[in-house]
Amino acid sequence: FKSLLIHLFGRFFTCIGDLSRYYVDCFPNDPTKQHHYQNALFFYRCAAVIEPSLGMPYNQLGTLLRDECHHLNSLYYYFRSIKSEFPFSMSSSNIERVFEQLKNVDSKRYLSANTSKQYTEAQIILIV
């Protein structure tokens, strides 16, 4: 009974995280976007803590972070998803998507979108 409850709570938090992420995707200009983004992160992390053997919450964290251009963090979560006891099947193709995004990124456009940050030359090379 305990393992069933753990599984149900893990799935519950993943689904609630999905709802928050969908809100962010559907309403990108909403002033509460950051609040829903943080909620999605929180719920996915809860799911990963409750049931770390499932790859799906890690995949969802990777997707959420990829959409916010946190590529290295998203790769970590995608690889974590693949190496879980029950891997999420789409994580491998999501890793390919991250590398495609990085391959196609225009470094000047990326840097101008992040003007609040100061980058060194080495960091710029890592971004591209």
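The values are calculated or read from the model by the stated rules, or taken from the named source; none is laboratory data. Since this is a predicted model, take the numbers as computed values, not measurements. Note that each Cβ is placed from the backbone with ideal geometry, even for glycine, and that neighbours are counted across all protein chains shown. Keep in mind that these areas ignore ligands, DNA and RNA; they rest on the heavy atoms of the full protein, side chains included. Shrake-Rupley method; radii C 1.70, N 1.55, O 1.52, S 1.80 Å.
Tabulated results
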quantity: Evaluation of D30 against (1) in a helix (DSSP H, G or I); (2) open to solvent by less than 60 Å² (accessible area, probe 1.4 Å); (3) not hydrophobic (A, V, I, L, M, F, W, C) (one fails), failing number; calculated: (1)
quantity: Within segment 40-70, tally of residues that are in contact with a Leu (Cβ under 9 Å, 6 or more places away or on another chain) and open to solvent by less than 70 Å² (accessible area, probe 1.4 Å); calculated: 11
quantity: Where a residue in segment 45-70 is within 22 Å of V105 (Cα to Cα) and free of Cβ contacts under 8 Å to residues at least 12 places away in the same chain and its partner, wherever it lies, is in a loop (DSSP other than H, G, I, E, B) and of a type in the set (K, R), with Cβ under 6 Å and at least six apart; calculated: none
quantity: Tabulated pairs, segment 77-99, first closer than 14 Å to R66 by Cα, second open to solvent by 100 Å² or more (accessible area, probe 1.4 Å) and part of a helix (DSSP H, G or I), C-beta under 8 angstrom, 6+ apart or interchain; calculated: S91/F79; I95/F79
quantity: Top-ranked residue of segment 71-108 - restricted to ones that are among the aromatic types (F, W, Y) and surrounded by fewer than 16 Cβ atoms within 10 Å (Cβ to Cβ), ranked as modelled with the lowest pLDDT; calculated: F99
quantity: Among residues of segment 71-100, those that are closer than 16 Å to D25 by Cβ and either in a strand (DSSP E or B) or not hydroxyl-bearing (S, T, Y) (or both), counted; calculated: 2
quantity: Scope segment 7-25; condition open to solvent by 90 Å² or more (accessible area, probe 1.4 Å) and farther than 13 Å from Q60 by Cβ; matching residues; calculated: L8, F9, F12
